[in-house]
Amino acid sequence: MKRMYHMVRQILSGKRAINNSIKYLLVCSGVALVHLCFAISFAAVHVMPLAIYNIASTAFYFFHATVTNRKKQYMFIYISAVTEVLFHSCMTTLLLGWDWGFMIYAIVMIPISFYLAYTLPNHEGGIVSPMVSSGVVILCFNVVHAICRHTTGFYEGKYPVNMSVAFYYFNATVAFLILLTFSILFALEIRYMQRRLEQENDTLEEVAKTDPLTHLLNRRSMNGYMAQVVNQRKTFCLMMADIDDFKKVNDTYGHDCGDEVLIAVSNIISCCVREDDYVCRWGGEEILILVRTDLTLAAQVAERIRQRVASKVISRKGKEVRVTITIGVSEYHNGMSIQSMIEEADQKLYRGKNNGKNQVIA
């Protein structure tokens, strides 16, 4: 029971799609119950042909709800249900008369046929099948109406007027409930698709702005963030970090090991900065870091990164791989461009490389 409640909550919130098996089980069971009500009603007023037909229809829909639905033959359920409802509406109207309101179900089948057709798994018919169904419904509706205007039904006039009125209101109420049910199902389908589309857009946006290997920002997105920070005119620093002797790692242990090293270093850097700072794979083994602080604190962050990288041990085929990192730090001053800050950090980086590597130049 708790699991069912949780599933319903997820469906209502748009987090979960409506299971086709459950949907067709509910629809077929509901239609079967309506036919059962008709069978009892017609048997009570001694319209035995319609009573027998509705008993058969009840069994037909319960068979769909169990056997056919379990086999996931949804297209067969859709086609046979539309055909049966239309046939039942026309036959009952011709036998009892127009005032009993059975042709209302034919009108209801138009929006339902569109909904069912477009929610069928692997549906490739597009708009054709519901358009054909709607055309047949319109044709049958007009033909039956024309016949009823010029002839009387077989049972018409044999029962009190209030009985036909009662059936009309019953049929109208059931038809509105059917439309309401399918409208809710349609709204839930739309809500789920909207949520799924938003999630896919978020994923695509994330893919577009991050490096696929390290999951750091890529160069394009980093340029955008740096421009935003400059416009805020607040203190910040850029760090240009480069893994020492990275080519040697690739040559000695292979490019797969080099990728592991790059990922490990990226994770260390991401853990050492705050959430509102930015880390970017600038190119190759170069990583550009934007921290929203002054030069003194930025140098401390850079030193913490250097120490953690130097102490990191990466196991590769039974061997321990260690790397170091050199970092150059530049601070923003009014009037400076991003390019000049990057060049300054880059110059300090190479100064550190030339001075023996594994150090921070700030």
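Things to note:
- Lysines whose Cα lies under 19 Å from that of Lys72, excluding same-chain neighbours fewer than 8 positions away: Lys23
- For the range 139-228, chymotrypsin sites (Phe, Trp or Tyr not before Pro) meeting the loop criterion (DSSP other than H, G, I, E, B) and having at most 14 other Cβ atoms within 10 Å: Phe154.
- A straight chain from Leu197 to Val143 at 0.36 nm per residue would run longer than the Cα-Cα distance by 15.0 nm.
- Structure-derived log10 I(q)/I(0) by the Debye sum over Cα atoms at q = 0.12, 0.16 Å⁻¹: which label, when the choices are (1) -0.95, -1.45; (2) -1.05, -1.53; (3) -0.88, -1.27: (3)
- Charge tally for Leu238 (other residues, Cβ to Cβ under 14 Å; Lys, Arg +1; Asp, Glu -1): -4.
- Sequence-distant residues sharing a close amide H with Arg316 (under 5 Å, placed H): Val321
- Of the GluC sites (Glu not before Pro) found in the range 102-191, the ones in coil according to DSSP and having at most 13 other Cβ atoms within 10 Å of their Cβ are Glu124.
- Residue-averaged [θ]222 nm for the chain, counting only DSSP H segments that reach four residues, each worth -39500 (n - 2.57): -22500 deg cm²/dmol
- Annotation: extensible slack from Asn223 through Leu180 equals 10.4 nm (criterion: 0.36 nm per residue apart, minus Cα-Cα distance).
- Computed from the Cβ-Cβ distance with R0 of 45 Å, the FRET efficiency linking His255 to Tyr115 stands at 0.30.
- Local electrostatic count at Val309 - Lys and Arg +1, Asp and Glu -1, tallied over other residues with Cβ under 13 Å: +1
- Accessible area of Thr93 in the full protein assembly, 1.4 Å probe (Å², nearest 10): 0 Å²
- Projecting the Cα positions of Cys271, Ser340, Met240 onto the charge dipole of the chain (unit charges on Cβ atoms of Lys, Arg, Asp and Glu, taken about the Cα centre) puts Cys271 furthest along the positive direction.
- Carbon plus sulfur fraction of accessible area for the chain, probe 1.4 Å, in percent: 60 percent
- Proximal charge balance of Ser330 [Cβ under 11 Å; K/R count +1, D/E count -1]: -3
- Relative to one another, the C-alpha centroids of the range 150-182 and the range 323-342 are positioned 81 Å apart.
- Taking all protein chains together, Leu25, Leu180 sort by accessible area into Leu180, Leu25, largest first [probe 1.4 Å].
- Here is what passes the span test in the chain: the DSSP H helices with alpha carbon length of 18 Å or more along the helix axis and a Kyte-Doolittle mean of 1.0 or above are 20-44, 48-63, 74-96, 104-118, 128-150.
- Sparsely packed loop sites in the range 214-248 (the trypsin sites (Lys or Arg not before Pro) outside DSSP H, G, I, E and B with at most 11 other Cβ atoms within 10 Å) comprise Arg233, Lys234.
- Residue pairs, from the table Lys234/Lys312; Lys248/Lys348; Lys319/Lys357; Lys317/Lys357; Lys317/Lys353, whose Cα atoms sit over 32 Å apart: Lys234/Lys312
The values are calculated or read from the model by the stated rules, or taken from the named source; none is laboratory data. Nothing here was measured: the structure is a model prediction, and the numbers come from that model. Using ideal geometry, Cβ is built from the backbone for each residue, glycine included, and neighbour counts are taken over all protein chains shown. With ligands, DNA and RNA removed, areas are computed over all heavy atoms of the protein, side chains included. Shrake-Rupley method; radii C 1.70, N 1.55, O 1.52, S 1.80 Å.
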